[in-house]
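To start, the structure itself, in structure tokens.
Readers should treat all values here as calculations from the given coordinates under stated rules, not as data from a laboratory. Everything numeric here is computed off the predicted structure, so don't read it as measured data. Here the Cβ positions follow ideal geometry from the backbone for every residue, glycine too, while neighbour counts run over all protein chains shown.
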Amino acid sequence: MAESGSAKLTLPVGGIEKTIELPIRVGTENEPAIDIASLRAKTGYVALDPAFVNTASTLSGITFLDGEKGILRYRGIPIEELGAKSTFVETAFLLIYGHLPNKAELDRFSLMLTRHSLIHEDMKKFFEGYPSTAHPMAILSSMVCSLSAYYPDPVDTNDAEQMEMAIGRLLSKVRTIAAFSYKKSIGQPFVYPKNNLSYCANFLNMMFAVPAEPYEIDPEIVSVLNLLLILHADHEQNCSTSTVRLVGSSKANLFASVAAGILALWGPLHGGANQEVIEMLEAIQRDGGDVQKFVNLAKDKESGFRLMGFGHRVYKNYDPRAKLIKTACDRVLAKLGISDPLLDTARRLEEAALKDPYFVDRKLYPNVDFYSGIIYRALGFPTNMFTVMFALGRLPGWIAQWKEMNEDRSTKIGRPRQIYTGNLVTPYVDIASR
Ligand code: SDX
């Protein structure tokens, strides 16, 4: 990455004013950064930046987003084009291997995903241990971590074939685990994957088919599911991706690293927001539908209430994914002949918020989670599966970022510093004297 001059920093060191120079680095989209890797060695200082609001944790060539302009590109390709022309499997390949696959590559990758969709029969016993009320995200994470028990051999990240196998197994089996966790929650028999179905069609069949009657796979639903998974596929160094990288930086295996990412995604401030949005919209409806009342509540710091699906750490403009999902909402619900009153509530809530100075001043716009739940509902997914759908979509991004980190020879174990604010040295006091 190009160096572009340096930043001068003048600060007191041991009572003497010292000026040091820190390199300025600039990314391919002209994002500037001050490289502080030598700061502590040169000055004894560390930089303090809770929640990493101003801190880049890595260089990465996978995803570019511009929060001010509302731009999102995977390996340079705008998501608008991928959403309109690609499939989730093709986009997964693009993210993981860095280029759009040619036909032979795509066929090989698709065959890999078809061939590795079964989970070990012993893993089915795990589901028996869960209560039917278990949240599918709890099941998903532990089952993904358990894959490392069934594939214990360490994966040499420099061995393309070993990596291809681990990636294929993970991408394919998570779909099966997700569907089985849903079937478990409704007490229906597991439906096994079918090798003659595409990635998304196979998932829909495992989710919604029952042995008692044939299940008609609707191409429209397959198409919109591809779009939704593409739009969730990666998003640079968000909370769950940073978790995957941090866990992976200790050389933990891919399954364990992704299992940790799944748990980070589950949080209501992150991927769990798509479930919270629907629950919020339902609460607004139960309360009589007065959206302004909830906008006012969200502005009241004492209320502890936030408009879920609104706001973003990076986007200070409309989340480009939310735009595409909102458009797809209209198309899918019309095509399926569904009229969901929650969509009207969501629209009125968005309109009220985007007119309110509190939201305008803070540049709070709908994010990826605001409308996605409405489509998932229309497709027949229960609310507690929405974050699982987010995880299914984000999986190629996690894999790509983990792979990029492991291929980077300069990668070191992630270990942030801190500023200590606790007791000075204190003697131990025997219990008799306390
Ligand atoms: C995802 O990082 C990613 O890329 C994530 C993601 C991905 O693809 O991986 O895009 C997916 O996680 C999307 C976000 C889903 N979460 C939600 O929808 C939850 C609701 N949103 C917020 O809690 C919040 O906006 C965050 C968590 C998304 C971002 O929080 P920040 O960046 O830490 O911002 P903040 O909490 O400091 O808020 C800044 C101000 C505060 O007010 P002031 O102190 O300035 O007066 O904006 C206010 C906040 O109170 N604010 C909100 C709000 N979000 C921010 N007020 C009301 N409702 C909200 N939703």
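Observations on the model:
- 16 Å tail of the calculated P(r), the stretch 331-372, as % of Cα pairs: 46 percent
- The chain: most fluctuating residue of PHE52, PHE109, PHE390 per GNM, C-alpha cutoff 10 Å: PHE52
- Sorted by Cβ density within 10 Å, fewest first, the residues MET137, MET112, MET207: MET112, MET207, MET137
- Three principal axis lengths of the stretch 285-434 [C-alpha, angstrom, descending]: 71, 46, 34
- Pairs spanning more than 31 Å between alpha-carbon atoms, out of LYS42/LYS251; LYS301/LYS326; LYS125/LYS251; LYS301/LYS323; LYS299/LYS335; LYS323/LYS412: LYS299/LYS335; LYS323/LYS412.
- Between the listed residues GLY15, ALA256, TYR97, the Cα displaced farthest toward the positive end of the dipole of the chain, a dipole computed from Cβ unit charges relative to the Cα centre, is found at GLY15.
- Cα gyration tensor shape of the stretch 44-107, rounded if a/c is under 1.5, else prolate or oblate by comparing a/b with b/c: prolate
- Orientation-averaged projection of the chain equals 27.8 nm² [convex hull of Cα atoms, one quarter of hull surface area].
- Over all orientations, the stretch 269-342 has a Cα convex hull whose mean projected area works out to 5.9 square nanometres.
- Calculated P(r) of the stretch 19-164 - Cα pairs past 27 Å, %: 53 percent
- Size descriptor for the stretch 1-59, Kirkwood hydrodynamic radius: 12.7 Å (Cα pairs only, one decimal).
- Adding -39500 (n - 2.57) for every DSSP H run of four residues or longer, then dividing by how many residues the chain holds, sets the calculated 222 nm ellipticity at -16000 deg cm²/dmol.
- DSSP-loop trypsin sites (Lys or Arg not before Pro) across the stretch 283-358, with at most 11 other Cβ within 10 angstrom: LYS355
- Sequence of TRP402, TRP266 once ranked by neighbouring C-beta atoms within 10 Å, starting from the fewest: TRP266, TRP402
- Average Cα contact separation per residue, the chain, under 8 Å, 6 or more apart, as relative contact order %: 19 percent
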